[in-house]
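Encoded as structure tokens, the structure appears first; notes follow it.
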Amino acid sequence: MDGVATENKDFMSKIRPHLELINAAVSGVLILLGWYLLTAKEESRAIPVIFILAYAIGGYYKAKEGFFETFKQRRLNVELLMILAAVGSAVIGYWMEGAILIFIFGLSGALETYTMNKSHKEISALMSLQPEVAVRILDDVEETVSVKMLRVGDLLLVKPGERIPTDGKIIEGVSAIDEAAITGESIPVTRGPGEEVFASTVNLRGTLKIEMTKASDETLFSKIIALVQNAQSEKSPSQQTIEKYEGPYVSVVLISVVFMMFLPSVLFQWTFEESFYRAMVLLVVASPCALVASVTPATLAAIANGAKSGILFKGGVHLENLSKIKAVAFDKTGTLTKGKPEVTDVVLCSHVDREDFLVKIGEIERYSTHPLAGAVVSYVKKETEKTFEGVISEMEDIAGFGVKARMDGMLYKMGNRAFVDGEQGKAFMLDTVDNLAHEGKTVIYVRDEKEFLGIIALKDVVREDAILAVEALHKLGIKSVMLTGDHEKTAEAIARETGIDVYVAGCLPEKKADEIKHLEETLGKVAMVGDGINDAPALATATVGISMGEGSDVAMETADVVLMKNYLPRIADTVRLSKRMNRIVKQNMLFSVLVILTLIASNFLQQVNLPIGVVFHEGSTLLVILNGLRLLKN
């Protein structure tokens with residue numbers, strides 16, 4: 001029995017987020033059944049029951065929301081008006097029209113609720129990356145404690161492969177730190193005594209002793225979470241406008257209906273029956289059914305169109321906002337670039353044999369744990385099929401500096417200039433190294449125990465489609481900006497290669513969000529394109545956040561739009577789709593308003609009866625839906 005109860009509980013927990021959508025679907029099926037019985041002209045007592053069920057099931061959530069908000073906020077809302085309009089339609093005998101009204105409005109609300117539930121997952125995704133425990137050293141004794149128990153000044157031990165539990169300063173040890181969660185930079189950085197490290201970054205190799213410098217709720221990563229939460233809690237301009245005018249609109253319609261019941265019988269000698277009839281017609285034709293249909297079908301059609309092209313929109317408001325974008329800000333690593341370093345240049349001294357050189361460095365790097373070793377090995381495998389047949393010994397990987405090994409009796413060193421030979425290295429290929437650094441490349445020096453042999457340059461290379469994407473945006477009159485945690489020379493090189501208008505280097509997550517706010521103040525609405533955890537605050541702050549499909553789970557959950565196929569030129573396609581959708585929505589809204597005003601005037605002049613009013617009212621709804629469905633075609 002307990003097992004059955006547990007299964008039922010699990011089943012309900014799975015379908016609960018979808019109940020509103022299920023109700024709308026059931027209501028639609030009941031309407032179709034009622035319509036079939038009516039067109040078959042069969043006398044059936046089931047018809048009223050079917051439509052009552054369609055009303056109750058389809059309108060449950062909207063009726064609950066309408067009455068609850070009315071009493072809670074003490075102001076009328078559109079939900080209440082739509083329910084009254086449906087009831088008014090039933091009062092004068094038009095059950096199916098009222099049920100259709102309920103169905104359209106209920107479906108719209110269900111889709112909105114479903115989208116909101118999906119968008120809340122990014123906070124839990126961020127939370128999962130925060131370490132919950134840490135190893136604290138107290139009186140030379142190691143103890144595992146909750147991160148919440150830590151205090152500023154505590155000495156912590158972080159072993160290789162572990163996430164750093166809090167912001168701090170290295171007291172002892174040297175290691176390569178993967179700071180992608182904070183800076184987005186794909187190449188790990190070397191940190192040593194006296195240098196700062198951040199919570200939730202990964203210690204790749206060496207053992208570190210860290211002094212805690214910030215409380216757990218004040219770390220840089222905690223600020224990322226707070227920025228995402230704050231940005232998502234802000235209401236969009238469209239939402240604010242709707243809330244501003246919905247109360248007055250509902251009040252005017254309801255007051256007009258009341259006046260319509262009584263004043264004509266006094267002023268124009270209408271009978272009470274005629275006045276009541278005209279009041280019910282007014283309630284039906286003034287309901288914003290066509291206005292609702294002006295937006296929802298068009299939006300859903302545009303979203304479906306985008307999905308076919310690998311563009312996932314998380315809501316119509318984001319698609320709408322894209323047409324107003326004045327600038328697009330790009331993250332560098334993993335967005336404009338591939339996010340993985342590759343060997344781009346091998347420059348050797350004139351007397352060095354290239355193939356022999358590659359075979360030897362490939363063999364050394366094959367046994368190395370250096371973060372760039374994999375890129376070097378992959379390059380060697382691609383460039384030569386020759387294998388090393390000698391003897392390798394005295395292999396030593398020195399964290400933060402490089403690697404050395406003895407091959408056939410000769411000692412070889414690979415790494416940064418200071419490790420290989422600081423004094424002689426300053427002059428070795430100076431102009432070449434400066435040029436490579438200007439291009440944003442990382443340089444590895446290689447020498448044996450006698451002399452320098454050459455250099456290897458690596459770079460996170462630009463995606464082939466990044467240049468096309470920037471060009472396409474420029475054709476639409478949209479400015480391009482790059483925000484990166486990398487240093488100035490690398491940022492300048494990537495911006496020059498891709499054609500980016502403006503770049504900002506050295507951006508931590510908080511600064512990226514601040515830069516987005518600054519761009520919105522100076523240029524207008526801004527879209528942000530990123531792929532990493534560190535991009536989450538900027539994605540949430542921007543008018544529209546766009547994530548790469550290969551990006552982190554946090555980036556995809558935070559973003560408003562996801563490029564599932566990672567093809568950057570699709571960004572320009574989304575802007576064009578947004579502009580097209582907004583044109584159709586404006587056409588629909590203007591047409592709907594004109595029809596409503598015409599029907600209201602005709603009703604007051606007694607020139608339209610209920611059947612004609614229903615035909616024009618529902619007909620206008622059908623027309624705007626069909627116009628919106630044109631967006632299904634490219």
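The values are calculated or read from the model by the stated rules, or taken from the named source; none is laboratory data. No experiment lies behind these values; they were computed from the predicted model shown. With ideal geometry, Cβ positions are generated from the backbone for all residues, glycine too; neighbour counts draw on all protein chains shown. Remember, those area values only see protein heavy atoms, side chains included, never the ligands or the DNA or RNA. Shrake-Rupley method; radii C 1.70, N 1.55, O 1.52, S 1.80 Å.
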Rg to Rh, two decimals, where the stretch 485-603 supplies the alpha carbon set and Rh follows Kirkwood | 1.17
Can you give me the Cα centroid spacing of the stretch 463-518 and the stretch 254-317 in angstrom?
-> 45
Grab the Cα-Cα distance for MET410 and ARG151, subtract it from 0.36 nm times how many residues apart they are, and report the gain in nm with one decimal.
-> 88.2 nm
Could you list the residues of the stretch 365-403 with an amide nitrogen less than 16 Å from a label point located 7 Å from the Cα of LYS340 in the Cα-to-C-beta direction?
-> 371-383
Taking only protein heavy atoms and a 1.4 Å probe, what accessible area per residue, in Å², does the stretch 253-330 have with all protein chains in place?
-> 37
Kindly state, to the nearest 0.05, the FRET efficiency for THR144 paired with ASN609, given R0 = 56 Å and r defined as their beta-carbon distance.
-> 0.10
Backbone N under 17 Å from the VAL593 label point (7 Å along Cα→Cβ), restricted to the stretch 279-304 = 286-296
Specify whether the C-alpha gyration tensor of the stretch 269-356 places it in the rounded, prolate or oblate class, a ≥ b ≥ c being the square roots of the eigenvalues: rounded for a/c under 1.5, otherwise prolate if a/b is larger than b/c and oblate if not.
-> prolate
Compute the signed sum of charges (Lys and Arg +1, Asp and Glu -1) over the other residues within less than 15 Å, Cβ to Cβ, of LYS479.
-> -1
Using +1 at the Cβ of each Lys and Arg and -1 at the Cβ of each Asp and Glu in the stretch 318-364, identify which of LEU319, CYS349, GLY339 lies farthest towards the dipole's positive end.
-> LEU319
Per the C-alpha gyration tensor (a ≥ b ≥ c, the square roots of its eigenvalues), the stretch 355-481 is rounded if a/c is under 1.5, else prolate if a/b beats b/c, else oblate; here it's prolate
Looking at this model, which pairs from LYS381/LYS441; LYS308/LYS525; LYS214/LYS512; LYS404/LYS450; LYS314/LYS475 are more than 18 angstrom apart at the alpha-carbon?
-> LYS381/LYS441; LYS308/LYS525; LYS214/LYS512; LYS314/LYS475
The stretch 519-589: D in µm²/s via Stokes-Einstein (Kirkwood Rh, Cα pairs, 20 °C, 1.002 mPa s)?
-> 167
Just the number, please: carbon plus sulfur as a percent of the accessible area of the stretch 502-632, 1.4 Å probe, no ligands or DNA/RNA counted.
-> 63
